[in-house]
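The values are calculated or read from the model by the stated rules, or taken from the named source; none is laboratory data. No experiment lies behind these values; they were computed from the predicted model shown. In this analysis, Cβ positions are derived from the backbone assuming ideal geometry, glycine residues included, and neighbour counts consider all displayed protein chains. Just the protein is used for accessible areas: all its heavy atoms, side chains included, with ligands, DNA and RNA removed. Shrake-Rupley method; radii C 1.70, N 1.55, O 1.52, S 1.80 Å.
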Amino acid sequence: MRTSKLKFSQSSNLIPILTILGITVIFFWKFFFKGLIPIPADIVTNTYLPWRSHYFGPVQNPILSDAISFTYPMRTLAVDIMQQGQLPLWNPYILMGTPLLANLQSAPFSPTIFLYFLTDTATAWGLQVVAQHFLAMLFMYVLLRYWKIGKSASLLGGLIYAFAGFNTIWSQWNIHTLTAAFLPIIIYFAEKLIEEKKKITGVFLSVSIAAQLLSGYPQLFIYTAAAIVILLIGKTNKIINFINISKFVLLGIGLSTIQLLPGLELILNSQRASEPIPFKWVFLPFAKTITFLIADFFGSHSAGNYWGPQNYTSNTGFIGIGVFILLIVGLKTKINSKVIVFSKLVLIAAILLSFATPISILLYKVNILGFAAATAHRALILFIFAVSIIASFGFEHLGKKRRVVLLSIISFELFFFANNFWAFSKSELIYPPTPIHKFLQEQDGLFRILSPDTIPLNLNMPYKLSSPEGYDAVYPKTTAKLLGVINNNSFDAKPQDRYGALTNETSPTVDFINVKYLITRGDYIFDDNKHSVVFKDKETQILKNKNALQRAFLERSPDQLVKGEVYLPNFVSFIVSTQSVDTLVLTDTYYPGWKAYIDNKPVSITRFKDNFRAVEVPEGKHEVKFLYMPNSFVVGAIFTVLSAASLVYILKSKS
């Protein structure tokens, strides 16, 4: 009898998980049943040369370009480096070299990164996108069930949270939604720790916080922390609970310092401080409130008719008419009023932070926690979170017929919203080979390329071709300054912004930084004395720069061949022969953490022209090595290990 009851209980617990899985499969039917990958690869193949000479078709949604031009190249590069048995510390392919791990959006320690080690890259990317929504729905379901909400209403709350505005809009960036998925489970463990005070719950809280911070978009942790503080407001023994919660929150942060410390170092050494986001883009315009109910009120980029303020990615407050009705019903309910009060406070906080209110403007002007360089309306994740909770209470209050009607409306609205916004592509169209890239990949030696008016920033990275330019929200400020100087022919020029483009390809500095090839249109006008056409493919051609210097050269003998090069992301070595003391110059970015060795003996690296690495080489034949192992990573790794050890100690301790 007990065995049958246990089996029934297990089956009963399994049904909601299978339901969540089934709903996720339905939303991603194109991935599971048509084999299409949730990524806008058509933006590359159907828009830019040389791809568009070989591939044809419309672009599904151009506003998703960052997913294919930024997140995918960064993520897959990090995975590729790890699959080769190396640490994903440095990106040698853009901006003359820039930190990779410190770019938090590369997320090489994401909780779902293991998928790339189980299957091919495209499928793993798709599964990772899908997993965001599965986890978001599952974690919200767990939280709502803990608060004694019925299974059906909890499933609905999970559905709303997983597929409403924020999590659908940012889904294909493959970082924001995964980060947001951990918000409900963090609140669950925080609530449970307050109520039950079990050590294991605190440990799970720490692990969940680390998972959120390592998912690629740690700005959302600020809003998670705000939700935890609001949760504590309604509790007794506030000081004791605050201390207990804070202990495990700090240990969660400690677990993630292996990436957070390198990230902090990069921010402090980056162009970001001089690049605040314009005021009009920071806050949500009040006109956008209509999109909370009607997502396409101002049109959409996928339909090519968007006419509203900002762009469609700020429609992250969308909940739809069906959810709005449940929100109104839920706000009137008296059941479990403490949870309703908590949700109301979270909702109010989201509005105060997202719109241009006195509080949010103050945070922007004072630049607390970097608000001047962040988009404040990301706080709408708190809005979606609060609405999902309140709407589930509202659903509990309705009769069966009204439930069916509203469930149908909500399901239709969310499904249409997602499938109207997302783009799906055949896996073979994700950075497919082209004759242009094949030719360049076959060339010997180290070199960089430029692609004026053809290939946008970062799009050569998946082909392992290096460029002096790149697109990154945070990169070394010395590189940004150099690009500004090159583009404007002036040492007084402002640093380049996150779009680190090199637009002055005729500058003599282009020769100095090892730009050997230019990818141009067929009608590009060039100097025959400096460039020659070495390859053509339909509308695109490759020019060879006759004046390009080697990547590494001797200052006194720049034309002397530097041999024996080994060039890996974190390690570079050369064999150098000199007749007298000379300086080996490597036109890669000078950045903290690079160490130099001559014949395995450590030597100091000096800045060359402010942005490059150089070492003094004695007379004779020597092996010169450069190794990237930043102290920020080492110290961060130590803190991560110590935090993990502390959690183990807490679990084993008797007190």
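For Lys151, give me every one of the aspartates and glutamates with a C-alpha distance below 16 angstrom, ignoring sequence neighbours fewer than eight places off in its own chain.
Result set, ordered by chain and number: Glu396.
Tell me whether the stretch 102-175 comes out rounded, prolate or oblate; compute the Cα gyration tensor, take square roots of the eigenvalues as a ≥ b ≥ c, and use a/c under 1.5 as the rounded threshold. Present the calculation step by step, with values, prior to reporting the outcome.
Working: a/c = 2.34, a/b = 2.12, b/c = 1.11.
Because a/c hits 1.5 or more and a/b exceeds b/c, the stretch 102-175 counts as prolate.
Round to the nearest 10 and give me the degree value, 0 to 90, for the angle of helix 219-233's Cα axis relative to the longest principal axis of the chain.
Value to nearest ten degrees: 30.
Once you keep just the Cα pairs under 8 angstrom separated by 6 or more residues, what percentage relative contact order results for the chain?
Working: 1170 pairs, mean separation 107.8, N = 655.
Averaging sequence separation for qualifying contacts and normalising by length gives 16 percent for the chain.
Which of rounded, prolate, oblate describes the stretch 228-308, given a ≥ b ≥ c as roots of the alpha-carbon gyration tensor eigenvalues and a/c under 1.5 marking rounded, otherwise prolate only if a/b is larger than b/c?
It comes out oblate by the Cα gyration axes.
In whole percent, and with a 1.4 Å probe on the protein chains, what portion of the accessible area of the stretch 335-465 is carbon and sulfur?
Working: 3530 of 5490 Å².
On the stretch 335-465, the fraction of accessible area on carbon and sulfur atoms equals 64 percent.
Where the accessible area of the stretch 172-286 is counted over protein heavy atoms with a 1.4 Å probe, how much of it, in %, is carbon and sulfur? Before the final figure, lay out each step's value.
On the way: 3160 of 4260 Å².
C and S fraction of accessible area: 74 percent.
So what does log10 I(q)/I(0) come out to for the stretch 519-639 at q = 0.15 Å⁻¹, using the Debye formula with one equal point on every Cα and no solvent?
-0.78
Quick one: check the C-alpha center-to-center distance for the stretch 261-334 versus the stretch 623-645, whole angstrom.
When both Cα centres are located, 37 Å separates them.
Would you kindly state the longest site-free stretch of the chain, with sites defined as GluC sites (Glu not before Pro) in a DSSP loop (not H, G, I, E, B) surrounded by at most 12 other Cβ atoms within 10 Å?
Numbers: sites that count: Glu442, Glu619.
Here the longest segment lacking exposed loop sites spans 1-441.
Which residues in the stretch 169-195 place their backbone N less than 15 Å from a point set 7 Å from the Cα of Ile239 along the Cα-to-Cβ direction?
none
Nearest 10 degrees is fine. How inclined is helix 320-331 to the longest principal axis of the chain, computing both from alpha carbons?
The answer is roughly 50 degrees.
Could you tell me the center-to-center distance, by alpha carbons, between the stretch 51-79 and the stretch 194-260 in angstrom?
Measuring centre to centre over Cα atoms gives 35 Å.
How about the stretch 167-269: which trypsin sites (Lys or Arg not before Pro) there are in a DSSP loop, with at most 14 other Cβ atoms within 10 Å of their Cβ? Walk me through the numbers on the way to the answer.
Working: sites: Lys192, Lys197, Lys198, Lys199, Lys235, Lys238, Lys247; in loops: Lys197, Lys198, Lys235.
Answer by residue number: Lys197, Lys198.
Mind checking which lysines have their C-alpha under 17 Å from Lys197, skipping anything on the same chain fewer than 8 residues away?
Partners within reach: Lys235, Lys238, Lys247, Lys652, Lys654.
Can you tally the net charge around Pro88? Count Lys and Arg as +1, Asp and Glu as -1, for every other residue whose Cβ sits under 13 Å from the Cβ of Pro88.
In short, 0.
Going by accessible area, probe 1.4 Å, with all protein chains left in place, what is the ranking of Arg272, Arg402, largest first?
Arg402, Arg272
Give the relative contact order (percent, whole number) for the stretch 410-537; include only Cα pairs under 8 Å separated by 6+ residues. Before the final figure, lay out the partial values.
Values: 123 pairs, mean separation 35.9, N = 128.
Relative contact order for the stretch 410-537 comes out at 28 percent.
With a 1.4 Å probe and all protein chains left in place, how much accessible area per residue does the chain have, in Å²?
Values: 27220 Å² over 655 residues.
Accessible area per residue: 42 Å².
Give the lysines whose C-alpha is closer than 25 Å to that of Lys34, dropping any in the same chain fewer than 8 places away, or say none.
Filter leaves Lys426.
Tell me the relative contact order for the stretch 186-255 as a rounded percent, counting alpha carbon contacts under 8 Å between residues six or more apart.
Result for the stretch 186-255 is 46 percent.
Where a ≥ b ≥ c are the square roots of the eigenvalues of the C-alpha gyration tensor, would you call the stretch 1-149 rounded, which needs a/c under 1.5, or, failing that, prolate if a/b is larger than b/c, or oblate?
On the way: a/c = 2.71, a/b = 1.74, b/c = 1.56.
Prolate.
Work out, in µm²/s and without decimals, the Stokes-Einstein translational diffusion coefficient of the stretch 13-84 at 4 °C, 1.567 mPa s, Rh from Kirkwood over C-alpha pairs.
The Stokes-Einstein estimate is 88 µm²/s.
Measure nothing fancy, just the Cα-based angle from helix 477-488's long axis to the longest principal axis of the chain, in degrees from 0 to 90, nearest 10.
It works out to around 60 degrees.
Can you pull out the chymotrypsin sites (Phe, Trp or Tyr not before Pro) in the stretch 209-292 that DSSP calls coil and that have at most 11 other Cβ atoms within 10 Å? Don't jump to the answer; show the numbers that get you there.
Numbers: sites: Phe221, Tyr223, Phe242, Phe248, Phe279, Trp281, Phe283, Phe286, Phe292; in loops: Phe283.
Sites meeting the loop and neighbour criteria: none at all.
What pairs in Lys148/Lys288; Lys477/Lys625; Lys530/Lys609; Lys530/Lys595; Lys30/Lys332 have C-alpha atoms more than 29 Å from each other?
On the way: Lys148/Lys288 34 Å; Lys477/Lys625 25 Å; Lys530/Lys609 24 Å; Lys530/Lys595 35 Å; Lys30/Lys332 39 Å.
Over 29 Å Cα-Cα: Lys148/Lys288; Lys530/Lys595; Lys30/Lys332.
Using just the C-alpha positions of the chain as equal point scatterers, what log10 of I(q)/I(0) does the Debye formula give at each q in 0.06, 0.11, 0.12 1/Å?
Scattering profile of the chain, log10 relative to I(0): -0.37, -1.14, -1.32.
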